[in-house]
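Written below as structure tokens is the structure these notes are about.
The values are calculated or read from the model by the stated rules, or taken from the named source; none is laboratory data. Note that the structure is predicted; figures quoted are calculated from it, not measured. A quick note on method: Cβ atoms are made from the backbone with ideal geometry, for glycine too, and the neighbour counts reach across all protein chains shown. When the accessible area is computed, the model is the full protein with side chains, heavy atoms only, and any ligands, DNA or RNA have been set aside. Shrake-Rupley method; radii C 1.70, N 1.55, O 1.52, S 1.80 Å.
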Amino acid sequence: GLALTGTTDRVRRSADGLGVSDLKTGKTAVNAQGEVKIAGHGLQLGVYELLASAAIGQPITAPAQIIGLQTGMTDKAQRVAVGEITAARDALVGDKDSPGMLEFAAKILHGGIFFGNPRSPLCSVQYCPAYPTCRHRA
């Protein structure tokens, strides 16, 4: 078994059905052109779609959203923007012709070819149960 965890910030109702929204805050959440960065968040939102659908027992059919809330000190630096990601879960689950990222991840984990990242701040005895015997930590 593979366990997925995450926190869905919001499930919303729209003309397209139910969708998930993830809030991003901070001084870089929205760029100077008033755009929120959506690149790199597709898989995260796909996981949230799967979790939300399972939790509420209803399909998630609307595009996922990243809602950026810029929290600057001046009026000019305070911005809100929304970016959409369509079919976020498709890259995770795949289809009959193309496996999704979850299938690849499961094969890597179950096959024992997962490599740790000793440069990560989470590479410590406090966060990793395999730390004392990890062969990737040199």
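Values for this structure:
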{"read-out": "Filtered residues of segment 73-85 (kept if open to solvent by less than 30 Å² (accessible area, probe 1.4 Å) and farther than 23 Å from R10 by Cβ)", "value": "A77"}
{"read-out": "Scan of segment 77-104 for residues that are in contact (Cβ under 8 Å) with a residue 24 or more places away in the chain, among the charged types (D, E, K, R) and closer than 18 Å to E49 by Cα, ordered by number", "value": "E84, R89, D90"}
{"read-out": "Members of segment 77-111 found to be of a type in the set (G, A, S) and part of a helix (DSSP H, G or I), listed by number", "value": "A91, A105, A106, G111"}
{"read-out": "Number of the exception - L23 against (1) part of a strand (DSSP E or B); (2) open to solvent by less than 70 Å² (accessible area, probe 1.4 Å)", "value": "(2)"}
{"read-out": "Residue count, segment 121-138 (criterion: touching a helix residue (DSSP H, G or I) at 6+ places or on another chain (Cβ under 8 Å), open to solvent by less than 100 Å² (accessible area, probe 1.4 Å) and modelled with pLDDT of 80 or more)", "value": "2"}
{"read-out": "Residue list for segment 27-46, filter: open to solvent by less than 60 Å² (accessible area, probe 1.4 Å) and assigned to a helix (DSSP H, G or I)", "value": "G42, Q44, L45, G46"}
{"read-out": "Subset of segment 105-120 (residues that are without any contact (Cβ under 8 Å) to a residue 60 or more places away in the chain, open to solvent by less than 50 Å² (accessible area, probe 1.4 Å) and under 22 Å from the mean Cα position of the chain (by Cα))", "value": "G116, S120"}
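Residue-wise test of (1) touching a strand residue (DSSP E or B) at 6+ places or on another chain (Cβ under 9 Å); (2) β-branched (V, I, T); (3) modelled with pLDDT under 95; (4) in a helix (DSSP H, G or I).
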site: Y48; (1), (2), (3), (4): yes, no, yes, yes
site: L51; (1), (2), (3), (4): yes, no, yes, yes
site: Q58; (1), (2), (3), (4): yes, no, no, no
site: Q65; (1), (2), (3), (4): yes, no, no, no
site: L69; (1), (2), (3), (4): yes, no, yes, no
site: D75; (1), (2), (3), (4): no, no, yes, no
